[in-house]
Amino acid sequence: MMSEWKLSEAFPQLPWADEADQFCFRILEEKTTIFEQLAACRIAKVAAHHGVCLGIITARKSSFEIRINIYRDLFEQMYTLGHEIGHTFHLDPDTHHSFERFPSVAAQPGIDSLVEDFCDAFSMKWVDANDWQKVMSFIEQIE
Ligand SMILES: [Zn+2]
């Protein structure tokens, strides 16, 4: 099964990768709902984005808000949601600083593109852990 590979092995430079692995493992074990998973990541809202980019994540009042471009293909929306959830493992919801909790990481050259790669990989693992039909049902009700 695809979800058996570890983000912490693919991204040993990122100290939050292990936590992301555990998060995906709990989805498999406990069969948590998408809503429960969003709450665990302090994501208060997922809404439609009417812009050019695929998705965005913002923070306010200690929680995150994700917006997904609903004009894109449904599968693209699904992996965009996973990608943005991936960002919650390193972003600070209070300051919206990327590496507040991981100062040693901030200085690494090429860290921003590495984090984008991590979020893409997390998204694949997350969709796989949930079963894509479950994620798709969630995506279809975003407004
Ligand atoms: Zn990103």
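Here are the numbers for the structure shown:
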| read-out | value |
| --- | --- |
| Neighbours by Cβ (under 6 Å, 6+ apart or cross-chain): first from the stretch 26-55, farther than 9 Å from Ile68 by Cα and without any contact (Cβ under 8 Å) to a residue 60 or more places away in the chain; second of a type in the set (Gly, Ala, Ser) and surrounded by 13 or more Cβ atoms within 10 Å (Cβ to Cβ) | Arg42/Ser63; Ala44/Ser63 |
| Evaluation of Ser63 against (1) of a type outside the set (A, V, I, L, M); (2) farther than 25 Å from Ala10 by Cα; (3) more than 14 Å from the ligand (Cβ to nearest atom); (4) free of Cβ contacts under 8 Å to residues at least 24 places away in the same chain (one fails), failing number | (4) |
| From the options Val46, Val115, residue that is touching a helix residue (DSSP H, G or I) at 6+ places or on another chain (Cβ under 9 Å) and part of a strand (DSSP E or B) | Val46 |
| Of the criteria (1) among the hydrophobic types (A, V, I, L, M, F, W, C); (2) without any contact (Cβ under 8 Å) to a residue 40 or more places away in the chain; (3) surrounded by 18 or more Cβ atoms within 10 Å (Cβ to Cβ); (4) touching a Leu at 6+ places or on another chain (Cβ under 9 Å), which one Ala17 fails | (2) |
| Set Thr58, Thr88: member being at pLDDT 95 or above and over 19 Å from Pro12 (Cβ atoms) | Thr88 |
| Leu81 being within 14 Å of the ligand (Cβ to nearest atom), part of a helix (DSSP H, G or I), at negative phi and over 12 Å from the mean Cα position of the chain (by Cα) | no |
| Unmet requirement for Pro15, which otherwise passes all of (1) away from the ligand (no atom under 16 Å from the Cβ); (2) in contact with a helix residue (DSSP H, G or I) (Cβ under 8 Å, 6 or more places away or on another chain); (3) farther than 21 Å from Asp112 by Cβ; (4) not in a helix (DSSP H, G or I) | (3) |
| Candidate set: the stretch 106-121, residues that are among the hydrophobic types (A, V, I, L, M, F, W, C) and out of contact with any Phe, Trp or Tyr (no Cβ under 8 Å at 6 or more places or on another chain); chosen: the one nearest to Thr88 (Cα to Cα) | Cys119 |
| From Leu81, Leu74, residue being loosely packed, with under 15 Cβ neighbours inside 10 Å and out of contact with any Lys or Arg (no Cβ under 9 Å at 6 or more places or on another chain) | Leu74 |
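Every residue, every condition in (1) within 14 Å of the ligand (Cβ to nearest atom); (2) assigned to a loop (DSSP other than H, G, I, E, B), yes or no:
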{"position": "Ile85", "(1), (2)": "yes, no"}
{"position": "Asp92", "(1), (2)": "no, yes"}
{"position": "Ser98", "(1), (2)": "yes, yes"}
{"position": "Val105", "(1), (2)": "no, no"}
{"position": "Cys119", "(1), (2)": "yes, no"}
{"position": "Val135", "(1), (2)": "no, no"}
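The values are calculated or read from the model by the stated rules, or taken from the named source; none is laboratory data. Just so we're clear, the structure is a prediction, and the values are computed from it rather than from any experiment. Note that we place each Cβ from the backbone using ideal geometry, even for glycine, and neighbour counts take in every protein chain shown.
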